[in-house]
Amino acid sequence: MRLRTILPVLIILLATMSVAARAADPEITVYKSKSCGCCSVWLDHLRTNGFQVTAHDVDDLDERKDKAKIPAELRSCHFGIVEVYAIEGHVPAADIHRLLKEKPKALGLAVPGMPMGSPGMDMGSKKDAFKVLLFTMDGKTSVWQAYDGN
């Protein structure tokens, strides 16, 4: 009889804990082309690494990137917005978490192009060297993180 009383309370407690834990995950809204397969793999990478992802397939990526003030030379195939930052291209989740922790004065992070071995661009053991760039409102960039190739 005691189990019948405790069980509903445990179920409610576990459900509440699950919702609370999920609410702590950063939310990112991603804009992408519906025909791009690598974008979906990058979204999976974000989810696996603690992000709540909302994805939108759009036809006007460049227009949206212009509004987000992402410089043309830093652009790739998709971008996201997390808190006040733009995330352009195949940026590793760890770098986004670091950005949210450190909160620099910047517009966001970018991985220009589509380097092999970056999240979403896995091609077996082949990895290109690439840099995650921090970009600011005045058009300046700096290296946020560098990754070695092979």
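The values are calculated or read from the model by the stated rules, or taken from the named source; none is laboratory data. Keep in mind that what you see is a predicted model, and the values were worked out from it rather than measured. Here Cβ is always computed from backbone atoms with ideal geometry, including for glycine, and neighbour counts include all displayed protein chains. When the accessible area is computed, the model is the full protein with side chains, heavy atoms only, and any ligands, DNA or RNA have been set aside. Shrake-Rupley method; radii C 1.70, N 1.55, O 1.52, S 1.80 Å.
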* Structure fact -> Among residues of segment 60-87 being among the acidic types (Asp, Glu) and touching a residue at least 24 places away in the same chain (Cβ under 8 Å), the residue nearest to Ser40 (Cα to Cα) is Glu83
* To do: Answer yes if at least one residue in segment 44-62 is at pLDDT below 95, open to solvent by 50 Å² or more (accessible area, probe 1.4 Å) and either within 18 Å of Thr141 (Cα to Cα) or assigned to a helix (DSSP H, G or I) (or both), and no otherwise.
  => yes
* What is the one condition in (1) among the hydrophobic types (A, V, I, L, M, F, W, C); (2) part of a helix (DSSP H, G or I); (3) surrounded by 16 or more Cβ atoms within 10 Å (Cβ to Cβ); (4) touching an Asp or Glu at 6+ places or on another chain (Cβ under 7 Å) that Ile70 does not satisfy? -> (2)
* Asked: Within segment 129-139, is even one residue within 18 Å of Cys38 (Cβ to Cβ), in contact (Cβ under 8 Å) with a residue 12 or more places away in the chain and open to solvent by less than 80 Å² (accessible area, probe 1.4 Å)?
  -> yes
* To do: Scan segment 68-103 for residues that are more than 12 Å from Leu133 (Cβ to Cβ) and of a type in the set (Val, Ile, Thr) and jot them down.
  => Ile81, Val82, Val84, Ile96
* Looking only at residues in segment 97-123 that are farther than 24 Å from Val84 by Cβ and open to solvent by 70 Å² or more (accessible area, probe 1.4 Å), which one is farthest from the chain's Cα centre (by Cα)? -> Met123
* What do you reckon, is Ile87 at pLDDT 95 or above, open to solvent by less than 30 Å² (accessible area, probe 1.4 Å), of a type in the set (Val, Ile, Thr) and part of a strand (DSSP E or B)? -> yes
* Taking the stated definitions as given, is Ser76 at pLDDT below 95, open to solvent by 60 Å² or more (accessible area, probe 1.4 Å) and hydroxyl-bearing (Ser, Thr, Tyr)? -> no
